[in-house]
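Undergrad: My questions will all concern the structure given below.
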Amino acid sequence: CIKVTCIMVQIILASASPSRYRLLESVGIIPEVIVSGVNEESPEFDLLNPSELVLALATLKAQAVKELAPANSIIIGCDSTFEFEGKSLGKPGSYENAIQRCKQLSGKSGLLHTGHCAIDLRSGKEVSKLSTSKVQFAQMTDEEIADYVNSGEPLNVAGGFTLDGLSAPYISSIEGEPSGIIGLSLPLLRMMIISLGYTWPELKNK
């Protein structure tokens, strides 16, 4: 058996995010999804700054599924938030909030933070890393804002926008790593996997 052609480890994605799943799938990794059920709105997180928040939630999500994952697994937990003027902007959740959010961000910039945690169940090792990128928005007209919010896309995504979706025309530039903005930094994940003692090809099962 040649090492790089065997499935040496099972990747568990502790997230229901379709974007994170698609990112892994795009590089040849088909994860098993086990949703953590972690309450992201718990008051205990209110005192954390945005970067601390996503690292804490990513770690909690990964740890929450340890008992459900096969023994040969690497569990990946992620969480994202958008920092604007020092505050964490999560999912708008409603039409009204999404309209307000778009008007707030129009023509301005902020930081998209994504926390990552990987737990290797075979060795017990755990590693956490943060991806941060600057996102610059174009000026949006009221018509553009209404059209975008009516699509429903921004209601349940961090910051109320997506780099790989319908808001892409309104993102004029980024400084950082694109997949990290989408929800899971692939270059950062590769470095985490290497630090756990694996090679990137060992993860591929597609």
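The values are calculated or read from the model by the stated rules, or taken from the named source; none is laboratory data. Please read all numbers here as calculations on a predicted model, not as lab measurements. All Cβ positions, even for glycine, are placed from backbone atoms using ideal geometry, and neighbour counts span all protein chains on display. Note: areas computed on protein heavy atoms with side chains; ligands, DNA, RNA excluded. Shrake-Rupley method; radii C 1.70, N 1.55, O 1.52, S 1.80 Å.
Undergrad: What are the residues in the stretch 91-107 that are under 22 Å from the mean Cα position of the chain (by Cα) and surrounded by fewer than 20 Cβ atoms within 10 Å (Cβ to Cβ), if any?
TA: If the condition is that a residue be under 22 Å from the mean Cα position of the chain (by Cα) and surrounded by fewer than 20 Cβ atoms within 10 Å (Cβ to Cβ), then 93, 94, 97 are the ones that fit.
Undergrad: Tell me which residues, restricted to the stretch 22-51, are open to solvent by 50 Å² or more (accessible area, probe 1.4 Å), modelled with pLDDT under 95 and assigned to a helix (DSSP H, G or I).
TA: 43, 44
Undergrad: Return yes or no: is residue 201 within 16 Å of residue 24 (Cα to Cα), assigned to a helix (DSSP H, G or I) and over 13 Å from the mean Cα position of the chain (by Cα)?
TA: Considered against the rule, which asks whether it is within 16 Å of residue 24 (Cα to Cα), assigned to a helix (DSSP H, G or I) and over 13 Å from the mean Cα position of the chain (by Cα), residue 201 comes out as yes.
Undergrad: Among the residues of the stretch 154-167, are any under 15 Å from the mean Cα position of the chain (by Cα), part of a loop (DSSP other than H, G, I, E, B) and β-branched (Val, Ile, Thr)?
TA: The answer is yes, given that some residue of the stretch 154-167 is under 15 Å from the mean Cα position of the chain (by Cα), part of a loop (DSSP other than H, G, I, E, B) and β-branched (Val, Ile, Thr).
Undergrad: I've got another one for you. If I filter the stretch 11-35 down to residues being under 14 Å from the mean Cα position of the chain (by Cα) and among the polar types (S, T, N, Q), which single residue comes out as nearest to residue 75 (Cα to Cα)?
TA: Applying the filter and picking the extreme gives 15.
Undergrad: Taking residue 161 and the conditions (1) modelled with pLDDT of 95 or more; (2) buried (at least 17 other Cβ atoms within 10 Å of the Cβ), which numbered condition does it fall short on, given that it satisfies the others?
TA: (1)
Undergrad: Scanning the stretch 110-132 for residues that are within 19 Å of the chain's Cα centre (by Cα) and hydroxyl-bearing (Ser, Thr, Tyr), which turns out surrounded by the fewest Cβ atoms within 10 Å (Cβ to Cβ)?
TA: Among those that are within 19 Å of the chain's Cα centre (by Cα) and hydroxyl-bearing (Ser, Thr, Tyr), it is 128.
Undergrad: Further, regarding this structure: Of the residues that make up the stretch 105-122, is at least one of a type in the set (Ser, Thr, Tyr), part of a loop (DSSP other than H, G, I, E, B) and closer than 30 Å to residue 147 by Cα?
TA: yes
Undergrad: Next up: Determine which single condition residue 192 fails, assuming it passes every other condition in (1) outside any strand (DSSP E or B); (2) open to solvent by 20 Å² or more (accessible area, probe 1.4 Å); (3) under 24 Å from residue 81 (Cβ atoms); (4) not polar (S, T, N, Q).
TA: Residue 192 satisfies every listed condition except (2).
Undergrad: Taking the condition of being outside any loop (DSSP other than H, G, I, E, B) and over 21 Å from residue 98 (Cα atoms), how many residues in the stretch 175-189 meet it?
TA: The total comes to 8.
Undergrad: Let me ask another. Can you work out which of the residues in the stretch 57-87 that are open to solvent by 50 Å² or more (accessible area, probe 1.4 Å) and polar (S, T, N, Q) is farthest from the chain's Cα centre (by Cα)?
TA: Top of the filtered list is 72.
Undergrad: Next question, about the same structure. Among 54, 135, which is open to solvent by less than 10 Å² (accessible area, probe 1.4 Å) and not in a strand (DSSP E or B)? Quick ask: steps written out before the conclusion?
TA: Working: 135 fails: not in a strand (DSSP E or B).
None of the other options fit; the residue is 54.
Undergrad: Further question on the same structure: List every residue pair whose Cβ atoms sit under 8 Å apart, with the two residues 6 or more apart in sequence or on different chains, where the first one lies in the stretch 115-132 and is more than 15 Å from residue 13 (Cα to Cα) and the second, anywhere, is open to solvent by 50 Å² or more (accessible area, probe 1.4 Å) and in a strand (DSSP E or B).
TA: 132/111
Undergrad: Okay, moving on. Which residue pairs have Cβ atoms under 8 Å apart, sit 6 or more places apart or on different chains, and have a first residue in the stretch 74-99 that is part of a helix (DSSP H, G or I) and a second that is surrounded by 17 or more Cβ atoms within 10 Å (Cβ to Cβ) and at pLDDT below 95?
TA: Short answer, once both residue conditions are applied: 97/160; 98/92; 98/154; 98/160.
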